[in-house]
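Read the figures in this text as sums done on the coordinates, not as results from a lab. All values derive from a computational prediction rather than experimental measurement. With ideal geometry, Cβ positions are generated from the backbone for all residues, glycine too; neighbour counts draw on all protein chains shown.
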Amino acid sequence: MWYHRPVITAELLQTLPNLKIVASSGMGIDHLDLDLLSSYGVKLSNTPFVVSTDTADLGMALMLASSRRLVEGYQMAVSPDTEYFPSDWLGSEVSGMTLGIVGMGTTGYKVAQRAKAFEMKILYHNRHQRNKEEESAVGATYCKKIDDLLQQSDFVLLSVSLTPQTHKLIGKRELELMKPTATLINISRGLAVDQDALVQALQNKVIKAAGLDVTYPEPLPRDHPLLKLKNVLITPHIGGATKKTHRLMMETMVESIQASLAGLPVPNEVL
Amino acid sequence: MSKKIQAIYLWWHKPVIDQELLQSLPNLKVIANSGVGMDHLDLKLIAGFGVKMANCPHAVSTSTADTGMALLLASARRLVEGYHIVISSCMEYCEANFLGAEVTGATLGIIGMGSIGYKIALRAKAFEMNILYHNRTRRKEQEEQAVGATYCEKMDDLLRQADFVMVVVSLTPQTHKLIGKREMELMKPTATLINISRGAVVDQEALVTALQTGVIRAAALDVTYPEPLPRDHTLLKLKNVIVTPHLGIRTDKATYMITEEAVENILAALNGLPIPNEVLPS
């Protein structure tokens, strides 16, 4: 299964009586009905850690590009109307600012490792607190209450998996807790954010900007307000999109498939 | 009025300091530059008038290092292209074929390991990049070890091995067109050139050819010659080039720090004290 296709429905499963396994590319499994699959006796695997490094890299890329107004700058640099670059055209600093990571799993932790080198102050919110060594290795401070993180962060980066608990995790209330100078970066799933509330927040300057690798749906309808806001940078879900990672994903999926067909324990099985 | 002026704070290279201006300001004691590059100033001419000069090396280094990393990441992961696909009127996303180049674990070659280059190395290390560097002088062992950087006495060795070549030198007669046809041909065809120093450090015509013929994969340029480029310049049209409007230090924080540093320099000069960041004509 590549980029969520084909869509797994009861109809499809009925037509494939000998189907043993669905190997899904990437980390997320929110697009699959686990109960449905197991009722047909079909195993499921994913490629959970393969994408985390590239996704962390992309999170940093979005943070830097958004803050320094890279895309706007590019447009000015190439525009036929540009005669000079105004001296008061400025972006915001990244180094030394406060980054709040919501979801400190493998990907979130890798973001923290990178952000530390930019001398960022790192706060994080997670279902469980990480151990002391892990925290001090990246200089991260645990915020048991997400509100504390939201109130102090210059950048709020979402790297959670999508579950019923994280659905619309960032909504109107959370956005209003954020600083008006803050930027929201989402590298998890579009549905972790209340998109309509985000549009409102951006239009009313409740927060400053957003950098999104994921939306709901993907792609957004062509007339969606998020596509028109100057302070929004969106990329087409390219978190894991490098040759090396795609190759690794393929290899991982093949491994899982071969194991399942041979009746062996399946690596990266999702239960 | 002109007799009262004792200090000039240069902002984005203005006002232009020429013989005429210097002659009209008999009591000018110091010119403080915003930023670190001094290539736009005739240092000998200014010194000839007994006027001291200063720059702001500390205030710029972090912001410029951030710019270098921003460009590296944006180019590698094709951010600008990706954004344009998202907002385009075409509905079909992503061709699952939209792939970028890996940053983590790749080899970064830093040409010019001054304060800015070193800060880039610190950041790149967190991306587990393999760091090579070329510099007029080798850095101390501890400094090398702190960032895991390997010295390349010959720039050619760096060019041959790097996936990303980041140019972070000051513009001098020696670094003018430092990266030309020969250097680009030494680079890997999968490599990206990132320039955050001065446009004139790169042979721009050679760069256009190299990009068009696949000699190198891509380029990200925060600086060009001139700035801005003529509107019909090829570099503005190539898909594998990101040009940015000299973002280097364009942040609110850096602007503030630069001004603080400049004021320090000016006050020292006016009070006859040693100037913290004096620049001498060499």
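Work out the charge dipole of chain A with +1 on the Cβ of Lys and Arg and -1 on the Cβ of Asp and Glu about the Cα centre, then indicate which of A:85, A:108, A:209 is farthest towards its positive end. Farthest towards the positive pole: A:108.
To the nearest ten degrees, helix B:252-270 and the longest principal axis of the Cα atoms of chain B are 30 degrees apart.
Considering all C-alpha pairs of the protein assembly as shown, those separated by over 42 Å amount to 25%. Electrostatic bookkeeping for residue B:129 treats Lys and Arg as +1 and Asp and Glu as -1; over the other residues with beta carbon under 13 Å from its beta carbon, the sum is -1.
When the trypsin sites (Lys or Arg not before Pro) in region B:22-121 are filtered for DSSP coil states and for at most 15 other beta-carbon atoms within 10 Å of their beta-carbon, no site remains.
Rounded to the nearest 10 degrees, the inclination of helix B:115-126 to the longest alpha-carbon principal axis of chain B is 30 degrees.
Under 10 Å, Cα contacts only: if you run a Gaussian network model on chain A, which one of A:181, A:107, A:55 comes out with the highest mean-square fluctuation? With Cα springs under 10 Å in chain A, the top fluctuation among A:181, A:107, A:55 is at A:181.
Take every Cα pair under 8 Å whose residues are at least 6 apart in sequence, average their separation, divide by the length of region B:136-282, and the relative contact order is 16 percent.
Counting only lysines at least 8 places from residue B:154 when in the same chain, those with an alpha carbon closer than 29 Å to its own are B:119, B:125, B:140, B:177, B:181, B:188. Sparsely packed loop sites in region B:27-120 (the GluC sites (Glu not before Pro) outside DSSP H, G, I, E and B with at most 16 other Cβ atoms within 10 Å) comprise B:92, B:95. The residues B:266, A:146, B:120, when put in order of fewest to most other Cβ atoms within 10 Å, stand as A:146, B:266, B:120.
Using the Cα gyration tensor of chain A, with a ≥ b ≥ c the square roots of its eigenvalues, what is the shape: rounded (a/c below 1.5), prolate (a/b larger than b/c) or oblate (neither)? Prolate is the answer for chain A, as a/c is 1.5 or above and a/b outweighs b/c. Springs join every pair of Cα atoms under 10 Å in this Gaussian network model of chain A, and among A:12, A:227, A:248 the largest mean-square fluctuation is at A:12. For chain A, the mean residue ellipticity at 222 nm estimated from helices alone is -10000 deg cm²/dmol, where every DSSP H run of n ≥ 4 contributes -39500 (n - 2.57) and the total is divided by all residues, rounded to the nearest 500.
Helical runs assigned H by DSSP (4 residues or longer) give chain B a calculated mean residue ellipticity at 222 nm of -10500 deg cm²/dmol, each run adding -39500 (n - 2.57) before division by the residue total. Loop-located GluC sites (Glu not before Pro) in region B:135-194 (DSSP state not H, G, I, E or B) with no more than 15 neighbouring Cβ atoms inside 10 Å: B:153.
With an a/c value of 1.5 or above and a/b larger than b/c for the gyration tensor axes a ≥ b ≥ c computed over the alpha-carbon atoms, chain B is described as prolate. Counting Cβ atoms of other protein chains within 10 Å of each residue's Cβ and taking the mean over peptide A:88-101 gives 5. Classify region A:125-257: rounded, prolate or oblate, from the alpha-carbon gyration tensor (a ≥ b ≥ c, eigenvalue square roots; a/c under 1.5 rounded; otherwise prolate if a/b is larger than b/c)? In terms of gyration-tensor shape, oblate.
Dipole magnitude for the protein assembly as shown: about 460 debye, using +1 per Lys or Arg Cβ and -1 per Asp or Glu Cβ, origin at the Cα centre.
Only the Cβ atoms of Lys and Arg (+1) and of Asp and Glu (-1) were treated as charged; on that basis the dipole of region B:197-263 about its Cα centre amounts to roughly 320 debye.
For the listed residue pairs A:116/B:239; B:3/B:253; A:243/B:239; B:52/B:253, the alpha carbons are over 24 angstrom apart in A:116/B:239; B:3/B:253; B:52/B:253.
Highest GNM mean-square fluctuation among A:137, A:65, A:210, for chain A modelled with Cα contacts below 10 Å: A:137.
Farthest toward the positive end of the dipole of the protein assembly as shown, out of B:62, A:129, A:36, is the Cα of B:62, where the dipole comes from beta carbon charges about the Cα centre.
Of all lysines in the structure, the ones whose alpha carbon falls short of 27 Å from that of residue A:172, not counting any fewer than 8 places away in one chain, are A:121, A:144, A:145, A:205, A:208, A:228, A:230. Along chain A, counting only trypsin sites (Lys or Arg not before Pro) with a DSSP assignment other than H, G, I, E or B and at most 13 other Cβ atoms inside a 10 Å radius, the longest segment between sites is A:21-126.
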